[in-house]
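Each remark here refers to the structure printed beneath this line.
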């Protein structure tokens with residue numbers, strides 16, 4: 001009796017192991033350490049099983065492992081359900097399933113888990129390299145499925161090829177994939193929820209204490225990319241506003257939450273710059289933009305301070321289009337707002353307050369900025385990624401003793417002194433500058449994070465960057481040039497390609513890889529509802545999603561119809577060769593006259609039988625038999641010509657053709 005579930009062939013196990021390894025790659029960045037220990041234990045146990053040293057674990061061991069893994073996941077996730085926790089549970093389930101893959105049904109279940117793991121991996125990483133790894137993983141999983149299923153099929157050779165059928169399956173699925181990609185409605189992603197922790201998200205914080213932004217300066221992580229469709233600002237204009245920090249408690253600047261949001265978010269005037277931003281996940285709502293920004297997209301709001309906000313925290317790559325006037329933000333501050341922008345904690349930084357009194361009290365915001373910039377540039381102040389540690393009165397210690405700091409120190413001190421002198425001020429955090437790519441787009445990284453100040457002049461907010469007075473290189477050429485002498489650029493990432501931009505071939509390779517990722521993000525990952533509407537309208541002439549759904553349904557129906565036609569064509573009975581058809585016709589005509597022609601007769605034997613049983617056709621039958629021998633065995637004739645002669649001969653075998661015979665036909669076969 002055959003096994004209900006055959007064992008898994010060795011090549012099926014190998015392909016399955018490779019597919020599982022590929023599916024685990026996207027999850028490596030967030031998995032807790034104990035899962036790596038579990039994977040080593042699983043590999044070790046499975047190896048001992050293969051060597052015949054131990055048996056497959058029993059039900060008690062497997063059940064205990066599942067319970068312990070579940071408890072570990074719950075505890076390591078802080079007892080909160082999240083994408084990371086769900087992904088870890090899926091990984092643990094796949095690893096534990098490896099311990100019991102001994103039959104075909106177990107392998108099939110594990111293959112399905114591999115597909116789920118790979119799909120879940122795209123929730124965390126969606127780069128072009130991740131897509132390439134995913135394609136290879138799916139190919140290996142499909143090949144493993146072919147190998148496993150073939151092992152249970154009757155009559156198939158053990159060495160049946162599996163890679164070619166797997167490749168065929170993937171190629172056939174491409175049209176279906178493209179139709180779904182272009183036509184299926186682009187709903188908001190279901191995974192726009194917080195991860196268990198935001199340790200994998202490198203972004204600006206919602207508060208700023210001395211040294212906070214300096215920590216971002218050691219990260220080469222991508223913040224966002226920008227493509228300018230109209231206008232191109234100077235580098236000194238590239239101040240990407242993200243957050244306004246207006247409350248100071250003596251140590252930390254925070255957002256007071258008084259910046260109201262309004263809709264729509266269209267620019268207040270004619271946009272000088274029109275640009276498209278592809279933002280990396282931040283876990284926050286801020287959308288970096290130039291001054292005077294606005295957008296026509298319904299999911300974007302603008303605050304009273306001129307900042308852009310997304311309707312929900314950004315947990316995936318986000319594409320949005322912005323127009324910026326490049327003009328200072330105007331406003332009409334009421335008494336409450338003026339008090340908020342002038343508030344200082346009592347008893348903090350007394351030397352700075354006293355020093356501020358030396359400024360002329362009737363200075364305008366512009367005059368104050370010029371005077372403070374002159375002070376910073378004409379005295380021994382230093383811009384550094386390794387500032388001194390300052391105590392309780394940190395601004396006093398920075399201004400009059402240490403004089404070494406990062407942009408956060410200069411912005412904090414400037415806003416404090418401005419308020420002390422009676423000028424409303426606020427700290428702005430965001431990014432400054434970026435790297436222009438030869439293809440024409442701008443790449444802004446985390447080390448471009450920056451802080452500056454906006455001063456109120458009675459009608460509008462003036463941008464003042466004290467860092468520019470201390471280190472003009474930071475604004476004009478970027479962080480790398482600004483800290484070149486102290487050698488602190490990306491010291492925490494010694495192997496980063498950005499540290500080797502002086503090596504021409506390596507830098508070109510880096511730029512090419514960045515271009516691939518950029519276009520992948522722009523044209524594939526950023527294909528959202530807006531772009532789908534444009535595609536339906538401009539390319540297919542459709543007005544709305546309803547018509548698009550009809551096209552989608554029709555396309556799927558056509559593809560299924562074509563698939564059925566192809567299957568029918570492949571499974572149809574192949575047409576006989578002309579010679580074989582003539583042979584069959586000859587046998588049928590003989591049997592219609594009672595001349596039995598057994599299936600085992602060769603064509604020559606059949607013609608000899610006809611010559612014996614139908615004397616009137618004896619001569620012609622023997623000539624045809626000679627022609628058969630010459631054509632089929634001596635290779636001296638035309639097979640198609642022989643088939644036509646046999647067909648004409650068969651048609652002559654009809655009632656009456658036996659009239660010259662001996663009277664009776666012996667019906668016994670020879």
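What follows draws every value from the coordinates through simple rules; no lab data is involved. No experiment lies behind these values; they were computed from the predicted model shown. Cβ sites come from the backbone with ideal geometry, for glycine too, and all protein chains shown count toward neighbours.
Out of every Cα-Cα pair in the stretch 578-652, what percent are more than 17 Å apart?
36 percent
Could you work out the relative contact order of the chain, using alpha carbon pairs under 8 angstrom and six or more residues apart, expressed as a whole percent?
12 percent
To the nearest 500 deg cm²/dmol, what mean residue ellipticity at 222 nm is calculated for the chain from DSSP H runs of n ≥ 4 alone, each contributing -39,500 (n - 2.57), summed and divided by the residues?
Values: 23 runs with 302 residues, N = 670.
Helix contribution divided over all residues of the chain: -14500 deg cm²/dmol.
Could you rank the peptides 549-562, 391-404, 342-355 by their average count of other C-beta atoms within 10 Å per residue, with the highest value first?
My ranking of the peptides, most packed first, is 391-404, 342-355, 549-562.
Just subtract the alpha-carbon distance of residue 184 and residue 496 from 0.36 nm times their residue separation and send over the number in nm, one decimal.
Contour length minus Cα-Cα distance gives 108.4 nm.
Can you tell me the orientation of helix 639-652 relative to the chain, as the angle in degrees between its alpha-carbon axis and the longest Cα principal axis, to the nearest 10?
Roughly 50 degrees between the two axes.
Roughly how many Å is it from the Cα centre of the stretch 602-618 to that of the stretch 101-117, as a whole number?
Here the answer is 62 Å between Cα centres.
Roughly how many Å is it from the Cα centre of the stretch 316-342 to that of the stretch 358-424, as a whole number?
The distance from the Cα centre of the stretch 316-342 to that of the stretch 358-424 comes to 23 Å.
What order, most packed first, do the peptides 472-480, 519-527 have when packing is the mean number of other Cβ atoms within 10 Å of each residue?
Ranked by mean Cβ neighbours within 10 Å, highest first: 472-480, 519-527.
Where does helix 618-628 land angle-wise versus the long Cα axis of the chain, in degrees 0 to 90, nearest 10?
It is inclined by approximately 30 degrees.
Once the piece of chain linking residue 652 and residue 60 is laid out straight, how much longer is it, given 0.36 nm per residue of separation minus the C-alpha distance between them? Before the final figure, lay out each step's value.
Working: separation 592, 0.36 × 592 = 213.12 nm, distance 8.08 nm.
Stretched out fully, the residue 652 to residue 60 stretch lengthens by 205.0 nm.
From the alpha carbon gyration tensor of the chain, can you work out the equivalent ellipsoid semi-axes (sqrt of 5 times each eigenvalue) and give them in Å, largest to smallest?
Working: eigenvalues 1264, 190, 91 Å².
Equivalent-ellipsoid dimensions as semi-axes: 80, 31, 21 Å.
Highest mean first, what order results for 363-371, 86-94 on Cβ atoms within 10 Å? Mind dumping the intermediate values first?
Details: 363-371: 16.8, 86-94: 20.8.
Going from most to least packed, we get 86-94, 363-371.
Would you mind checking the tilt of helix 59-76 against the longest principal axis of the Cα atoms of the chain, expressed as 0 to 90 degrees and rounded to 10?
30 degrees
By the gyration tensor of its Cα atoms, with a ≥ b ≥ c the square roots of the eigenvalues, what is the shape of the stretch 10-152: rounded for a/c under 1.5, prolate for a/b over b/c, or oblate?
Oblate shape, in that a/c is at least 1.5 and b/c is the bigger or equal ratio.
Given N residues in the stretch 207-500, what is Rg(Cα) / (2.2 N^0.38 Å)?
0.97
What is the percent of Cα-Cα separations in the stretch 468-584 that go past 18 Å?
Percentage above 18 Å: 77.
Could you state the number of Å between the C-alpha centres of the stretch 522-569 and the stretch 280-302?
A separation of 30 Å, based on Cα centres.
What ranking of 60, 423 emerges when the number of other C-beta atoms within 10 Å of each C-beta is taken as an exposure proxy, fewest first? Please report the intermediate quantities before stating the final value.
Numbers: 60 8, 423 25.
Fewest-to-most Cβ neighbours within 10 Å comes out as 60, 423.
Could you give the alpha-carbon Rg of the stretch 368-480 over 2.2 N^0.38 Å, rounded to two decimals?
Taking the Cα Rg and dividing by 2.2 N^0.38 Å, one obtains 1.11.
What shape does the stretch 332-381 have by the C-alpha gyration tensor, where a ≥ b ≥ c are the square roots of the eigenvalues, rounded means a/c under 1.5, and otherwise prolate means a/b greater than b/c and oblate the rest?
Judged from the Cα gyration tensor, the stretch 332-381 comes out oblate (a/c at least 1.5, b/c at or above a/b).
Quick one: 465, 528, 335, fewest Cβ neighbours within 10 Å first, how do they rank?
Fewest-to-most ranking of 465, 528, 335: 335, 528, 465.
For the residue pair residue 230 and residue 37, what label-to-label distance in nm results when each label sits 7 Å from Cα along the Cα-to-beta-carbon direction?
6.1 nm
Mind listing P(r) for the stretch 83-136? All alpha-carbon pairs, 10 Å bins, whole percents.
23, 46, 27, 4
Please label the shape of the stretch 335-428 as rounded, prolate or oblate, based on the square roots a ≥ b ≥ c of the eigenvalues of the alpha-carbon gyration tensor (a/c under 1.5 means rounded; beyond that, a/b larger than b/c means prolate, else oblate).
Because a/c hits 1.5 or more and a/b exceeds b/c, the stretch 335-428 counts as prolate.
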